[in-house]
Amino acid sequence: MDKNDVQHYQWLTSATADAQLTLLAQPTPVSPGQFAKLREQFGQTRAEILVTQSKLRKRSLEKFSVGGEMFFTEIGLQQATDKAIASFKANQIKQLFPQVRHVTDLCCGIGGDLMALAQHFDVTGVDADPVVAWLAGYNAALENPRGTVNIQQQDVNKTALESTDWIHLDPDRRADGQRHTSIDGYQPSAGFMNSLLQARDISHRGLSIKLAPATKIPENWLPSMTSRQWIQSRGECRQQLVTFASGNRSVQAIGVNGNGQSEWKIGFAVDNIRESHEVPLATECEEYLYEPEPAVLAARLDASWALEHQLSAIRYRIAYYTSSNSMTRPGSRRFRVVECLPFDRKKIKGWLRQRNVGRLEIKKRGITLSPERLRKELQLRGNNEMSLIIIGNLDTHQKAIAILAKRE
């Protein structure tokens, strides 16, 4: 964005604009008459920015408890680390590396991670976009009574890093407008990330890089890597965090709550991770069915987790596991099996009709079908609730099975 855009966004953080945003915070959409009045008072550009900002603030509340006071860009909100994960990450640095005093947040965006880091450390946020840098500084100051946030609007390649204790990098995964899961499509480039890693090997400062969950890291990162963490928030795996510091090498899947605390953590040393073919196959579906959480699946730790808890796989390389034992196993969702049938639409429809099932959760793995279309075909009626879990087979022509179960 250019200099004029910065001036508009600087105005957006003024008392005049704040008063208008308070009026626009109503749940109903802005009417044509309201927009015309805003355009008459502030001009077309600022009227559009006000309305857009109002919409972004409403959407942001899922990610940020103070989203109604923050400022965003569309892409900035999409890519920002939510408050829960950002708090978890900042607390983790504080607890595991108490010697850290200063953190530099490269490609800080609108300040999701920066806001949490500023609660514990002196921080420097760096972003090349002048509008984003301005908004990051404003947002980071909202919950930072320590007043220790420094914002630098510049290319991260030009940032002096000698005096910082820890670097957090959040590269742009959509620099060309497309979502990338390879670091070759990220900005700053893979070469820049490698240069940070090489400098870390010499300086021994901490380094963490935020990646998309599906991103495969380069082989040359592995010797220096301390941990790879797949972090889950609000029911979905949101990001992969690769950390280079001191400590044993591990792979972890973590679920965090709204307060940024770990609800559960599954972790294994890199050399102890097991493969799916090592999990025994069940001869039949037993009384309980276990589905690993999304972060466990993203980290490919489900086989190690299943073996640790003495579970059997329903089908080879399909992440549903069964046991006769009812136990709360962190990192999974448990179902009590009611019936296991061959996957036959007509039989399933009759089974559900006999039991007055009107609310049906449909899950499937290892088979191609549309849950929405199947739901229409089943013509559900009744007040009872059930889960239908359809499991195919990746390697043989063995028929799919349908498990009717109660979520616990």
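Taking a ≥ b ≥ c as the square roots of the eigenvalues of the alpha-carbon gyration tensor, segment 110-204 is classed oblate because a/c is 1.5 or more while a/b is no larger than b/c. Between 0 and 90 degrees, the angle of helix 190-203 with respect to the longest Cα principal axis of the chain falls at about 80 degrees.
Could you compute the FRET efficiency for Gln26 and Gln379, with r as their C-beta to C-beta distance and R0 at 30 Å, rounded to 0.05?
0.15
For the chain, what % of the accessible area comes from carbon and sulfur atoms, probe 1.4 Å?
After summing per-atom areas, the C and S share lands at 47 percent.
Ordered from longest to shortest, the equivalent ellipsoid semi-axes for segment 221-320 are 26, 17, 10 Å, each the square root of 5 times a Cα gyration tensor eigenvalue.
Can you list the lysines whose alpha carbon is less than 28 Å from that of Lys347, not counting same-chain residues fewer than 8 positions off? Correct list for Lys347: Lys363, Lys364, Lys376, Lys399, Lys406. The aspartates and glutamates within cross-link reach of Lys349, meaning a Cα-to-Cα straight distance under 19 Å and a gap of 8 or more places when in the same chain, are Glu339, Glu361, Glu372, Glu377, Glu385.
Placing unit charges on the Cβ atoms of the charged side chains and taking the dipole of the chain about its Cα centre, the candidate lying farthest along the positive direction among Ser182, Ser14, Leu311 is Leu311.
To the nearest ten degrees, helix 83-96 and the longest principal axis of the Cα atoms of the chain are 80 degrees apart. With n ≥ 4 as the cut-off for DSSP H runs, can you work out [θ] at 222 nm for the chain, using -39500 (n - 2.57) per run divided by the number of residues, rounded to the nearest 500? Taken over the chain, the calculation gives -9500 deg cm²/dmol. The residues of segment 255-408 expose on average 55 square angstrom of accessible surface per residue, using a 1.4 Å probe on protein heavy atoms.
The angle separating the long axis of helix 32-42 from the principal Cα axis of greatest extent in the chain is about 30 degrees.
Rounded to the nearest whole Hz, the Karplus-based 3J(HN,Hα) values (6.51 cos²θ - 1.76 cosθ + 1.60, θ = phi - 60°) of segment 65-72 follow the sequence 5, 9, x, x, 10, 8, 10, 9, with x at glycine and proline. When we measure straight from the Cα of Lys58, which aspartates and glutamates land under 17 angstrom away, once same-chain ones fewer than 8 places off are left out? The qualifying aspartates and glutamates are Asp18, Glu48, Glu69, Glu74, Asp82.
What does the C-alpha gyration tensor say about the overall shape of segment 1-111? Classify as rounded when a/c is under 1.5, otherwise prolate if a/b is larger than b/c, or oblate. Because a/c hits 1.5 or more and a/b exceeds b/c, segment 1-111 counts as prolate. With a ≥ b ≥ c taken as the square roots of the eigenvalues of the C-alpha gyration tensor of the chain, please select rounded if a/c is under 1.5 and otherwise prolate if a/b is larger than b/c or oblate if it is not? Here the chain falls in the oblate category. Each residue was assigned an accessible area with a 1.4 Å probe, and for Thr181 the value is about 70 Å². What distance in nm lies between label points placed 7 Å from Cα along the C-beta direction at Glu162 and Lys94? Computed distance between label sites Glu162 and Lys94 equals 3.0 nm. Highest mean packing first, where packing is the average number of other Cβ atoms within 10 Å per residue, the peptides 84-93, 275-284 line up as 84-93, 275-284. Each label point was placed 7 Å from the Cα along the Cα-to-Cβ direction; for Asp184 and Arg101 their separation is 4.3 nm.
The alpha carbon centroids of segment 54-106 and segment 234-255 are separated by 17 Å. For the pair Trp11 and Asn248, the difference between a 0.36 nm per residue extended length and the Cα-Cα distance amounts to 80.4 nm.
The values are calculated or read from the model by the stated rules, or taken from the named source; none is laboratory data. Being a predicted model, the structure only gives us computed values, none of them experimental. Please note: Cβ atoms are built from the backbone with ideal geometry, for glycine as well, and neighbour counts cover all protein chains shown. Accessible surface areas use protein heavy atoms only, side chains included; no ligands, DNA or RNA. Shrake-Rupley method; radii C 1.70, N 1.55, O 1.52, S 1.80 Å.
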